[in-house]
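Visitor: Okay, handing you the structure first.
Rule-based calculations on the coordinates, nothing more; no lab input. Given the structure is predicted, the values throughout are model-derived calculations rather than measurements. Using ideal geometry, Cβ is built from the backbone for each residue, glycine included, and neighbour counts are taken over all protein chains shown.
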Amino acid sequence: MLNPKNMKKPLLFTPGPTPLPPETSLAMAQPIDYHRSPAAAALIQDVLEKLKHVFQTENDVLCLTTSGTGAMEGAVANLLCRGDKVLVIRSGKFGERWSDICTAYGVEVIPIHVTWGESVEPSVVASHLTAYPEVKAVFATLCETSTGALHDIEALAQLTQVRPTLLVVDAVSALGADDLQMDTWGVDAVVSCSQKGLMTPPGIAFASLNARAWEAVARADLPKYYLDFRKARDAGSEGSTPYTPAITLIHALQASLNLLCAEGIRNTIARHARLAQATRSAIAALGLQPFATRPANTLTSIRLPAEVDGKAFIALMREKHGITYAGGQSQLRGKIARIAHLGWINENDVIVAIAAFERGLVEVGCKLPLGAGVAAAQEVLSR
Ligand code: PMP
């Protein structure tokens, strides 16, 4: 008898790492390049140019061999001075990470606490900027991946642009899924990494700084060596990197960037918006609540019914069905599920993610109208 468990097909609906397009996987199978060769220089130059399209900027984009947190740490170390004060929007695990990094570097953090699941009110940031005019920078997160909440970066940039204060944005999970018009909005520094919207394995990260931010770099005196952005910029301008780059991943990134540039960043964001809308509509049809009040395109976080053991549900889906959703982190452990519709994901994938989600919930004892989520998603996607 055919046992469906024998033919487990792993499917990833996590907010990083995200699935890889076949072109991307294949790009990593070619013979390894010497990273100081003309071929590697051409590759690096091509990738740095294409990243500008995704960052929606004319500024240089730096390529660093580290995960996203390394680019965050680099931003702190390169932009600030000893004794600086900064505002940090803390609305989840990754806002907390900005605080932790700043504190580790001896920077004084003035936190703006936001209830998990909510997005910061720009007026609250405005009143903090008035109360603390000396702050050097505001550290924000485009999509707070731990809750699924989107922050209004455009509104925050309107506040910082007219002041000497820099706006530094963690777009680690949301770059390429939620809109971030770095130049048009006037965002001073943006960091991201490879394993999310950029459809590449983990291991490389990016930072882009505008002219104001580079002026701050010239004044900054926090210690740094490996993550010195000036070295990365100077090397990058010659199609190089200061140290041995993860060249195999850069080949992979080139293949993914070719796909993203062919789709066009505006269309990529529109695709993510549509997939997110279908997922939210499905969740509502199942009688479930989204966790975020202003949900991102990157992922949808869902409050699980009180009777569901969230950790067991996520494990069941992974072990029995080969489907990986993300669970809740920290205080949300076991309480929410997070379905990412991020990167190399299309409408059919989302239908599968929802169909499996509702069936899994029924398997753990929820009384749900089986199929209602899929029908609602189909309705959105057929418009
Ligand atoms: N910021 C955000 C918003 C993230 O989603 C993540 C990864 N989940 C990070 C930072 C940290 O990135 P990494 O794990 O690649 O260091």
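Visitor: At a threshold of 8 angstrom on Cα-Cα distance, excluding pairs fewer than six apart, so keeping six or more, what relative contact order does the chain reach in percent? List each step's numbers first, then the result.
Guide: Numbers: 812 pairs, mean separation 92.4, N = 383.
Relative contact order for the chain comes out at 24 percent.
Visitor: If you put +1 on each Lys and Arg Cβ and -1 on each Asp and Glu Cβ, how big is the dipole of the stretch 202-297 around its Cα centre, in Debye rounded to 20?
Guide: 380
Visitor: What whole-number value in cubic angstrom gives the convex hull volume per residue for the C-alpha atoms of the stretch 127-204?
Guide: In the stretch 127-204, the Cα hull volume divided by residue count equals 101 Å³.
Visitor: Past 18 Å, Cα to Cα, is the threshold; run LYS9/LYS320; LYS85/LYS136; LYS320/LYS367 against it and keep the listed order.
Guide: LYS320/LYS367
Visitor: Once you have a ≥ b ≥ c as the square roots of the Cα gyration tensor eigenvalues for the stretch 98-141, tell me rounded if a/c is under 1.5, and otherwise prolate or oblate according to whether a/b is larger than b/c.
Guide: Because a/c hits 1.5 or more and a/b fails to exceed b/c, the stretch 98-141 counts as oblate.
Visitor: Also, quick follow-up: Roughly how compact is the stretch 316-383, stated as its Cα Rg over 2.2 N^0.38 Å to two decimals?
Guide: For the stretch 316-383, the normalised Cα radius of gyration comes out at 1.17.
Visitor: How high is the FRET efficiency between THR184 and SER123 when r is their beta carbon distance and R₀ equals 35 Å, given to the nearest 0.05?
Guide: 0.95
Visitor: Out of ALA377, ALA296, THR57, whose Cα points farthest toward the positive end of the dipole of the chain (charges: +1 Lys, Arg; -1 Asp, Glu; placed on Cβ)?
Guide: Towards the positive end, the residue furthest out is ALA377.
Visitor: What does the charge count near ILE345 come to, summing +1 for each Lys or Arg and -1 for each Asp or Glu among other residues with Cβ under 12 Å from its Cβ?
Guide: So the environment of ILE345 carries a net charge of +1.
Visitor: Run through every distinct alpha carbon pair of the chain and return the Kirkwood hydrodynamic radius in angstroms, one decimal place.
Guide: 21.4
Visitor: Then there is this: Please report the antiparallel percentage of DSSP beta bridges with both residues in the stretch 22-263, rounded to the nearest 5. Could you put the intermediate results ahead of the total?
Guide: Working: 11 of 29 bridges.
Antiparallel bridges: around 40 percent, rounded to the nearest 5.
Visitor: As an exercise, identify the trypsin sites (Lys or Arg not before Pro) in the stretch 66-143 lying in DSSP coil whose Cβ has no more than 12 other Cβ atoms within 10 Å.
Guide: Listed in order of number, the matching sites are ARG82.
Visitor: Rg (Å, one decimal) plus Dmax (Å, integer) for the alpha carbons of the stretch 1-150?
Guide: Here Rg and the maximum Cα pair distance are 20.6, 71 Å.
Visitor: Could you size up the charge dipole of the stretch 22-263 around its Cα centre, putting +1 on the beta carbon of Lys and Arg and -1 on that of Asp and Glu, and report it in debye to the nearest 20?
Guide: Taking the Cα centre of the stretch 22-263 as origin, the dipole is about 560 debye.
Visitor: Each residue of the stretch 367-383 in order: what ³J(HN,Hα) in whole Hz does its phi give by Karplus 6.51 cos²θ - 1.76 cosθ + 1.60, θ = phi - 60°, with x for Gly and Pro?
Guide: Once θ is set to phi - 60°, the couplings for the stretch 367-383 become 8, 10, x, 3, x, 5, x, 4, 4, 5, 5, 4, 4, 5, 6, 8, 6 Hz.
Visitor: What is the distance in Å between the Cα centres of the stretch 254-309 and the stretch 54-89?
Guide: 26
Visitor: With the contact rule set at Cα under 8 Å and sequence spacing of 6 or more, what percent relative contact order holds for the stretch 64-159?
Guide: This gives 31 percent for the stretch 64-159.
Visitor: Along the charge dipole of the stretch 22-263, which of GLY203, CYS261, ALA157 sits closest to the positive end, that is, farthest toward it, with unit charges on the beta carbon of Lys, Arg, Asp and Glu (+1, +1, -1, -1)?
Guide: GLY203
Visitor: Same structure again: Taking 0.36 nm per residue of separation and subtracting the Cα-Cα distance, what length does fully extending ALA42 through ALA155 add?
Guide: Computed gain between ALA42 and ALA155 is 36.9 nm.
Visitor: Another question, then. Can you show me the helix-derived [θ] at 222 nm for the chain, built from DSSP H runs with n ≥ 4 at -39,500 (n - 2.57) apiece and divided by the number of residues, rounded to the nearest 500.
Guide: Per the formula, -13500 deg cm²/dmol.
Visitor: Still on this structure: Between THR103, ALA306, ASN78, whose Cα lies farthest towards the positive end of the dipole of the chain when Lys and Arg beta carbons carry +1 and Asp and Glu beta carbons carry -1, centred on the Cα centre?
Guide: The residue sitting most towards the positive pole is ALA306.
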